[in-house]
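Visitor: Supplied in structure tokens, the structure appears directly below.
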Amino acid sequence: MTENLITEGKFTYAEAGEGQAIVVLHGLMGALSNFDATFNHFSKKGYKVLIPELPLYSLPLLKTNIKNLAKFLNDFIEFKKLDKIVLVGNSLGGHIGLYFSKHYPDKVKALVLTGSSGLYENTMGDSYPRRGDRGYVTQKARDVFYDPAIATEELIDDVYVVINNRNSLIRTLAIAKSAIRHNMAKDLPKMSQPTCLIWGKQDKVTPPEVAVDFDKLLPDSELFWVDKCGHAAMMERPKEFNNLLDAWLTSRNI
């Protein structure tokens, strides 16, 4: 995906394809490359796919929260002159998508959530991210997936770097606290956008009951399960994820 990266002003993003705009939002520890398969698939199927790098570690500390990340997303959408977008979000990205859809409903044609926070998440479990403890980081990274082998040494290194840098660690914790504060349970029944929920049956971070609650609370949602899959279906089961999303977009004429 790095060959597709574009930097303009304050925005760095990947873009490919033409047609209905799909804007993809990565998670707290996630990289744009987590969505490689989604990016490649849909940009060749009549969609313009854009993945902005979220400023998780570059906003002033007091502005490092869900609200300001949603504002950044709005700035990006206006900069790119996009209209009636499909928002696809994993984990924190889903939460930002939900918050954005609540405040800018006219800009969102449809929502796609996979392992989204917003109701409940078990990001750190009952433990604190210990700096310098690679074993802890390795275990947490593996817990994200049904198949722990997906957590490569490179991925573990990336998380380790975040946790061992004071600047990025305090922002990670600030965003995690902001996510808990911005619980969306009361907002979901008022959100009428068509919503596709694609969930790993073995998700330990946002467990299956979270997906069921999302499906109950959202007025126009459909829930699809991916078996032998954890928190990041688009990484662990990319073909299945793309097929489910493709079929759903077709069924909704999007």
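Visitor: D for the stretch 1-52, whole µm²/s, Stokes-Einstein with Kirkwood Rh over alpha-carbon pairs at 25 °C and 0.890 mPa s: what number?
Guide: Estimated via Stokes-Einstein, D reaches 222 µm²/s.
Visitor: Same structure again: For the chain, what is the percent of antiparallel DSSP beta bridges, rounded to the nearest 5?
Guide: If I count the DSSP bridges inside the chain, around 25 percent turn out antiparallel.
Visitor: Given charges of +1 on the Cβ of Lys and Arg and -1 on the Cβ of Asp and Glu, with all other atoms neutral, how large is the dipole of the stretch 1-123 about its Cα centre, in debye to the nearest 20?
Guide: Numbers: 13 positive and 11 negative charges, 69 e Å.
Charge dipole of the stretch 1-123: 340 debye, to the nearest 20.
Visitor: Considering Cα pairs under 8 angstrom that are at least six residues apart, work out the relative contact order of the chain and quote it in whole percent.
Guide: 19 percent
Visitor: In square nanometres, what is the average projected area of the Cα convex hull of the chain? Display every interim value, and only then the final one.
Guide: Numbers: hull surface 49.2 nm².
The directionally averaged projection comes out at 12.3 nm².
Visitor: Taking just the C-alpha trace of the stretch 65-206, give me its Rg and Dmax in Å.
Guide: 16.2, 45
Visitor: While we're here: Determine Rg/Rh for the stretch 55-120; Rg is computed over alpha-carbon atoms and Rh is the Kirkwood hydrodynamic estimate from the same atoms. Please list the in-between numbers first.
Guide: Numbers: Rg = 11.6 Å, Rh = 12.1 Å.
Ratio of gyration radius to Kirkwood radius for the stretch 55-120: 0.96.
Visitor: Cross-link candidates for Lys63: which lysines have Cα within less than 26 Å, leaving aside residues fewer than 8 places away along the same chain?
Guide: Counting by Cα, and skipping residues close in sequence, Lys63 has these lysines nearby: Lys10, Lys71, Lys80, Lys81, Lys102, Lys107, Lys177, Lys186.
Visitor: Right, another one. Identify, among Leu218, Leu155, Ala174, the residue whose Cα sits farthest towards the positive end of the charge dipole of the chain, taking +1 on the Cβ of Lys and Arg and -1 on the Cβ of Asp and Glu, with the dipole about the Cα centre.
Guide: Going by the Cα projections, it comes out as Ala174.
Visitor: Kindly give Rg over Rh for the stretch 176-254, based on alpha-carbon atoms, with the Kirkwood expression for the hydrodynamic radius.
Guide: 0.99
Visitor: I've got another one for you. For the chain, what is the charge dipole size about the Cα centre, in debye to the nearest 20, if Lys and Arg each add +1 at the Cβ and Asp and Glu each add -1 at the Cβ? Don't jump to the answer; show the numbers that get you there.
Guide: Working: 31 positive and 30 negative charges, 154 e Å.
With only Lys, Arg, Asp and Glu charged at Cβ, the dipole is about 740 debye.
Visitor: At a probe size of 1.4 Å, how large is the accessible area of Asp133, to the nearest 10 Å²?
Guide: 50 Å²
Visitor: Roughly what % of DSSP beta bridges within the stretch 1-152 run antiparallel, to the nearest 5? Display every interim value, and only then the final one.
Guide: Numbers: 8 of 22 bridges.
So the antiparallel bridges in the stretch 1-152 amount to around 35 percent.
The values are calculated or read from the model by the stated rules, or taken from the named source; none is laboratory data. None of the values given here were measured: they were computed from a predicted structure. Cβ coordinates were reconstructed from backbone atoms using ideal geometry, including for glycine residues, and neighbour counts include every protein chain displayed. For the accessible areas, the whole protein counts, side chains as well, though only heavy atoms, and no ligand, DNA or RNA atoms are used. Shrake-Rupley method; radii C 1.70, N 1.55, O 1.52, S 1.80 Å.
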